[in-house]
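Have a look at this one before I ask anything.
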Amino acid sequence: MAQTSSNNGGTDQVLVEETGNVRTFILNRPKHLNALSFQMISRLKQLFYACEEDSNVKMIILKFVTSSGSMLQSSINAPGHGKAFCAGGDVTAVYHSVRQGKLEVAVNYIQEQYTLNYVIATYSKPQVSILNGIVMGGGAGASIHGRFRVATEKSVFAMPETAMGIFPDVGASYFLSRLPGFFGEYAGLTGSRLDGAEMLACGLATHFVSSEKLPLLEQALVKVNTSDPDAISAIISRFSHIPNLKEESPYHKMKIINRCFSRRTIEEVISALESEALDKKDDWISSTIQSLKKASPTSLKISLRLIREGRRQGVGSCLVLEYRMACHVLKGEFSKDILEGCRAMLIDKNRNPKWEPSRLELISEEDVDRYFFKIDDEDWEDLKLPPRSNLPPYAIAKL
């Protein structure tokens, strides 16, 4: 019999269902597309720790509220879409903290979020994330690091940070850099939206299950009395299948992506795409170029460097480096694009940010370097990750 627990008079932003040896964590902030508030992140971290210590718990399921009337229609105007697993971190709250001069509040949020990402990436028990909707930014950090990621025909993945003056974080430098070829550079730099079939094809999802079969899948999963990944994978596989990729899927453009996004600099990436466009008319190439040209030049430069660095680092080192970069971005000593991007995309919503510096050629390699250096301030420290015993391959590497 499932029991649902709540500690704050039913207003919890994370609900918990206890069914046998399985614990289901339910994201419950639908009016905000389940964007992760500080309260949600802290609660999730507490729950993951508690369940790891409880020998009766064999598996974690992470999903979002699906009761009738509890969902909010998303801004994605496409058939079959309209529900959010998690649309990201609470960037609006971070924006207001920075604007009000409360930098420490924003930094604490980032610190707590990255620590949660690391706990999930090093978790000793299987986590099954049901990604039946929008999975963006912080939502990817809370799920992609887990063992199993179940996509559906309603899944929409994106890391849209470069369009907001930020960079793909929450460990994205680790998981994007490990996608086939240079698909991670493409996804991270352009913020391109991927559907469930594309998520499965590139490895962001481990399984694809039709949304109509999810209730049956969950009924089977909550009966689990083992932490054996093979046994759990076998259960999910009973309900899964390999979906067809759309004809226009960017995954079919892998040869072009590898030719262009393997270039050393973002200027060379754009130039290579423009050369491809001269050879043949292709709407995908044109839209890709436009996405890059609309993004923050600073964000593009630091993001490309970050993903390349991520290929050589463990997940822990990736998060430590991302935290260092996030602190530089929040301090805004070189560029305040995070404030401008959030204003244009989330506050005023005119989608017309004025980036500064405004052009790629105005940003030198030395300017990019400063985002990767330790902050020269005795009051600032690098992220201190908690000791973990279940380290995956390359989880930790020295910066």
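The values are calculated or read from the model by the stated rules, or taken from the named source; none is laboratory data. Since the structure is predicted, the reported quantities are computational estimates derived from the model, not experimental observations. So basically every Cβ, Gly included, is an ideal-geometry build from the backbone, and we count neighbours across all protein chains shown. The protein model used for the area step is the full one, side chains on, heavy atoms only, and it has no ligands, DNA or RNA in it. Shrake-Rupley method; radii C 1.70, N 1.55, O 1.52, S 1.80 Å.
Please state which one of Glu309, Glu340 is surrounded by 15 or more Cβ atoms within 10 Å (Cβ to Cβ), out of contact with any helix residue (DSSP H, G or I) (no Cβ under 8 Å at 6 or more places or on another chain) and assigned to a helix (DSSP H, G or I).
Exactly one of Glu309, Glu340 is surrounded by 15 or more Cβ atoms within 10 Å (Cβ to Cβ), out of contact with any helix residue (DSSP H, G or I) (no Cβ under 8 Å at 6 or more places or on another chain) and assigned to a helix (DSSP H, G or I), namely Glu340.
Further question: Of all residues in the range 281-296, count the ones that are farther than 27 Å from Val368 by Cα and charged (D, E, K, R).
3
State which residue is modelled with the lowest pLDDT when the search covers only the range 276-306 and only residues that are open to solvent by 70 Å² or more (accessible area, probe 1.4 Å) and in a helix (DSSP H, G or I).
Going residue by residue through the range 276-306, those that are open to solvent by 70 Å² or more (accessible area, probe 1.4 Å) are 278-281, 283, 290, 293-294.
Going one step further and asking which of them are in a helix (DSSP H, G or I), we end up with 278-279, 283, 290, 293-294.
On the way: Leu278: 94, Asp279: 84, Asp283: 94, Gln290: 97, Lys293: 97, Lys294: 97.
So the residue we want is Asp279.
Hey, among the residues in the range 234-250 that are in a helix (DSSP H, G or I) and over 17 Å from Ser291 (Cα atoms), which one's least open to solvent (accessible area, probe 1.4 Å)?
Among those that are in a helix (DSSP H, G or I) and over 17 Å from Ser291 (Cα atoms), it is Ile236.
Every residue in the range 178-194 that is open to solvent by 10 Å² or more (accessible area, probe 1.4 Å) and either in a loop (DSSP other than H, G, I, E, B) or of a type in the set (D, E, K, R) (or both), please.
Within the range 178-194, Arg178, Leu179, Pro180, Gly181, Phe182, Gly191, Ser192, Arg193 qualify.
With closer than 30 Å to Pro387 by Cβ and at pLDDT below 95 as the only criterion, which of Gly314, Gly310 stands out?
Gly314
Looking only at the range 252-275, decide whether some residue is touching a helix residue (DSSP H, G or I) at 6+ places or on another chain (Cβ under 8 Å), in a helix (DSSP H, G or I), on the phi < 0 side of the Ramachandran plot and of a type in the set (Lys, Arg).
The answer is yes, given that some residue of the range 252-275 is touching a helix residue (DSSP H, G or I) at 6+ places or on another chain (Cβ under 8 Å), in a helix (DSSP H, G or I), on the phi < 0 side of the Ramachandran plot and of a type in the set (Lys, Arg).
Out of all the residues in the range 153-163, is one or more assigned to a loop (DSSP other than H, G, I, E, B) and over 30 Å from Lys293 (Cβ atoms)?
yes
Tell me which strands (runs of 3 or more DSSP E) are completely within the range 80-152 and hold 3 or more residues being crowded, with 20+ Cβ neighbours inside 10 Å and at pLDDT 95 or above, or say none if there are none.
The qualifying strands (runs of 3 or more DSSP E) are 127-131, 134-136, 148-151.
In the range 317-339, what residues are touching a Lys or Arg at 6+ places or on another chain (Cβ under 8 Å), hydrophobic (A, V, I, L, M, F, W, C) and closer than 16 Å to Asp376 by Cα?
Across the range 317-339, the qualifying residue is only Phe334.
Out of the residues in the range 164-177 that are open to solvent by less than 10 Å² (accessible area, probe 1.4 Å) and part of a helix (DSSP H, G or I), which is farthest from Leu245 (Cα to Cα)?
Step by step, filter the range 164-177, then rank; the result is Ser173.
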